[in-house]
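Below is one structure, written out as structure tokens; the observations come after it.
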Amino acid sequence: MQTLLKLLGDGEFHSGEDLGLALGVSRTAVWKKLQQIQNELGIEFHKVRGRGYRLASPLSLLDARALNIEHARLGWKCKVHEIIDSTNAEALRLIQTQVTLPALVVAEQQTAGRGRRGRQWVSPFAQNLYYSIALRLDGGMRRLDGLSLLVGLAVVDTVQDLGVTSAGLKWPNDILVGPKKLAGVLLELTGDPADVCHVVIGIGLNINMRESDGVGQAWTSMSLELGRVLDRNEVICALSHKLSSYLAGHQRDGFTAYRQGWESKHVWQGLMVTLSTGAESIEGHVLGVGVDGALRLMVDGREEHFSGGEVSLRLAGD
Ligand code: BTN
């Protein structure tokens, strides 16, 4: 399927005969494969008599070779999957097999993409970024301070560099454009938090998605914001370079050096919010974040700090 999609990836018409020749199959087999792609992956084609087949809308496929070369420069292993349950789940499995780390897992599609708080992450084929990096953390929990916020900052800085200048952060690590979600971050830990542990940093970023029924909240994509289709390989490489540099800074100096930058991109900085932790709801004024990544709220005239996990935040009165 991948080869056929690559051939059609230029967005031009290709005759059934040419496609069949390139794949070494008959014109009927080409047609059957296209039907299969349409049914299984939801990718639409136009068929025009005398011209052949063309993708209904342009597609940016992952280029495993180029991604491997680029990530080798960062000292990262990179594994590209066509279809996987979840890149986070795969990165956790890789840690168990003791591969060299850091190891990056990306995929065209996830069948069981997971979001924060047990939610599903909608992951259609060849549309978005499904990206998980497995890292070893020597020195235990302290190394985790502010890490998930740092990752959100790397994502927002990357998408801003690529033109989505109105993107911002919502504590702890949602990336929004106005009220619409553009990207999310899910960190999963394994090992001994007091000693050597491993973390998987999972990032889902809507790149070229233009429609979806399954997302249970307001959302947008880079393509909707910029009015063009983006090369997903370029987005991945830009993100990895940013993340690699921020992770090195975080390892050296912790979150302190990134804290101000993070607050400057916090869309709810200075506003009244309601924080929900299970049954409890707390209203407060957002002061900023601590060096440990905790949210600093002014609650009834007293500064209080709240850490991530199973908490959610909304604007007061919403
Ligand atoms: C959120 O709920 O905001 C976090 C979403 C994280 C989704 C990404 S997609 C790549 C990686 N693999 C997963 O299964 N989840 C994360």
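Quick notes on this structure:
- Using the alpha carbons alone, the radius of gyration of the stretch 2-55 stands to its Kirkwood radius in an Rg to Rh ratio of 0.91.
- Length-normalised contact order for the stretch 272-315 - Cα pairs under 8 Å, 6+ apart - percent: 39
- Put in order of Cβ neighbour count within 10 Å, fewest first, the listed residues D292, D300 become D300, D292.
- For the stretch 2-55, averaging the sequence separation of C-alpha pairs within contact (under 8 Å, six or more residues apart) and dividing by the residue count gives a relative contact order of 42 percent.
- Working from Cα pairs under 8 Å separated by at least six residues, relative contact order for the chain is 13 percent.
- Axial C-alpha extent at least 18 Å, average Kyte-Doolittle at least -1.0 - helices from the chain (DSSP): 27-41, 147-161, 232-253
- Simple point charges give the picture: +1 on the Cβ of Lys and Arg, -1 on the Cβ of Asp and Glu, and for the stretch 167-318 a dipole about the Cα centre of about 580 debye.
- Take the Cα of Q38, go 7 Å toward its beta carbon, and the backbone nitrogen atoms of the stretch 50-65 under 15 Å from that spot belong to 52-57.
- Using alpha carbons only, the radius of gyration of the chain set against its Kirkwood radius gives Rg/Rh = 1.02.
- In terms of other Cβ atoms within 10 Å, D63, D253, D157 run from fewest to most in the order D253, D63, D157.
- Counting only DSSP H runs of at least 4 residues, each contributing -39500 (n - 2.57), and dividing by the residue count of the chain, the helix-based mean residue ellipticity at 222 nm comes to -9500 deg cm²/dmol.
- Exposure proxy for L7, L21: other Cβ atoms within 10 Å of each Cβ, ordered fewest to most, give L21, L7.
- Separation of the A72 and S15 label points, Cα + 7 Å toward Cβ, nm: 4.0
- Neighbourhood charge, 9 Å Cβ-Cβ cut-off, centred on A218 and excluding it, Lys, Arg +1 and Asp, Glu -1: +2
Readers should treat all values here as calculations from the given coordinates under stated rules, not as data from a laboratory. Keep in mind that what you see is a predicted model, and the values were worked out from it rather than measured. Note that each Cβ is placed from the backbone with ideal geometry, even for glycine, and that neighbours are counted across all protein chains shown.
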